[in-house]
Amino acid sequence: MSPRESLATVHDRIAHAARLAGRDPANVTLVAVSKTHPAEAIRPLLDAGQRVFGENRVAEAEAKWPALRDEYPGVELHLVGQLQSNKADAAAVLFDCIHSLDRPSLVAALARAAERTGRAPRCFVQVNIGDEPQKGGCAIADLPALLAEARGAALPVAGLMAVPPAGVEAAPYFALLAKLARDNGVAGLSMGMSDDLEAAVMLGATYVRVGSALFGARA
Ligand SMILES: *Cc1c(COP(=O)(O)O)cnc(C)c1O
């Protein structure tokens, strides 16, 4: 499949799932996760009209995106990987949205970064939805306090994000994240990847983060 065909296929999958659930597909934003892929692999999607992209490392995004942004106006860049506090300034300058706000120290670092850089990216609070020790995200029990800290620091909170455990049915975890969002009064839901985006969209995802279905397998 050409990149243009892959993009059309992913859009069709999103639209089909949204319609089944009585949702407007326009309320689901596709984040094309271009991590590990070079500019030559990204350009065909830009040429096809895709403008929202995700990266998981600040340094890699800094190396790839400033030049692409000069070439293609209107790019929106999302950080979908863990963020170290000492890279908060660089992330604030580069990214429009951060999907991995998961601890009080990062709230503080992003608040300082906003003062220093004048840039405050929208943030999704990442929840460790399957309670997995190796994964990023705040514990479910810590979510209300972390949301309160983020709001207190005037960070623009866009919603909740999660990556369900691998190898098991993802839908219950998506449903749980949606419930946590309702319970805590946040609107956005960043959930669903290449293999499970239909379930995520049917359960309310407003952002799906899709890599391999668009770019092929990562090396
Ligand atoms: C890599 C990545 C994705 C995309 O995963 P695919 O399975 O390739 O679609 C989505 N979200 C996060 C947080 C990622 O790191």
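Residues that are touching a Gly at 6+ places or on another chain (Cβ under 8 Å), assigned to a helix (DSSP H, G or I) and within 12 Å of the ligand (Cβ to nearest atom) within segment 186-212 comprise just one, Ala200. Residue count for segment 137-177 under the criterion of being under 18 Å from Met191 (Cα atoms), assigned to a loop (DSSP other than H, G, I, E, B), in contact with a strand residue (DSSP E or B) (Cβ under 6 Å, 6 or more places away or on another chain) and open to solvent by 10 Å² or more (accessible area, probe 1.4 Å): the result is 1.
Within segment 103-116, the set of residues being open to solvent by 20 Å² or more (accessible area, probe 1.4 Å) and either among the small types (Gly, Ala, Ser) or within 25 Å of Ala32 (Cβ to Cβ) (or both) comprises Ser105, Ala108, Ala111, Ala114.
Looking at segment 43-62, which of its residues are of a type in the set (A, V, I, L, M, F, W, C) and either under 13 Å from Gly81 (Cα atoms) or within 16 Å of the ligand (Cβ to nearest atom) (or both)? Result: Leu45, Val52, Phe53, Val58, Ala59, Ala61.
In the list Ala61, Ala67, Ala109, which residue meets the criterion of being at pLDDT 95 or above, under 18 Å from the mean Cα position of the chain (by Cα) and assigned to a helix (DSSP H, G or I)?
Working: Ala67 fails: under 18 Å from the mean Cα position of the chain (by Cα); Ala109 fails: under 18 Å from the mean Cα position of the chain (by Cα).
Ala61 is the lone residue from the list that is at pLDDT 95 or above, under 18 Å from the mean Cα position of the chain (by Cα) and assigned to a helix (DSSP H, G or I).
Applying a threshold of 7 Å to beta carbon distances and a minimum spacing of six or more residues, or different chains, the list of pairs starting in segment 23-51 at a residue that is in contact (Cβ under 8 Å) with a residue 12 or more places away in the chain and at positive phi and ending at one that is within 14 Å of the ligand (Cβ to nearest atom) and in a loop (DSSP other than H, G, I, E, B) reads Thr36/Arg218; Thr36/Ala219.
Kindly indicate whether Gln126 is modelled with pLDDT under 95 and either within 16 Å of the ligand (Cβ to nearest atom) or buried (at least 21 other Cβ atoms within 10 Å of the Cβ) (or both). No.
The values are calculated or read from the model by the stated rules, or taken from the named source; none is laboratory data. Everything numeric here is computed off the predicted structure, so don't read it as measured data. For neighbour counting, all protein chains shown are included, and Cβ atoms are generated from backbone atoms with ideal geometry for every residue, glycine included. Surface areas here come from the heavy atoms of the whole protein model, side chains and all, with no ligands, DNA or RNA. Shrake-Rupley method; radii C 1.70, N 1.55, O 1.52, S 1.80 Å.
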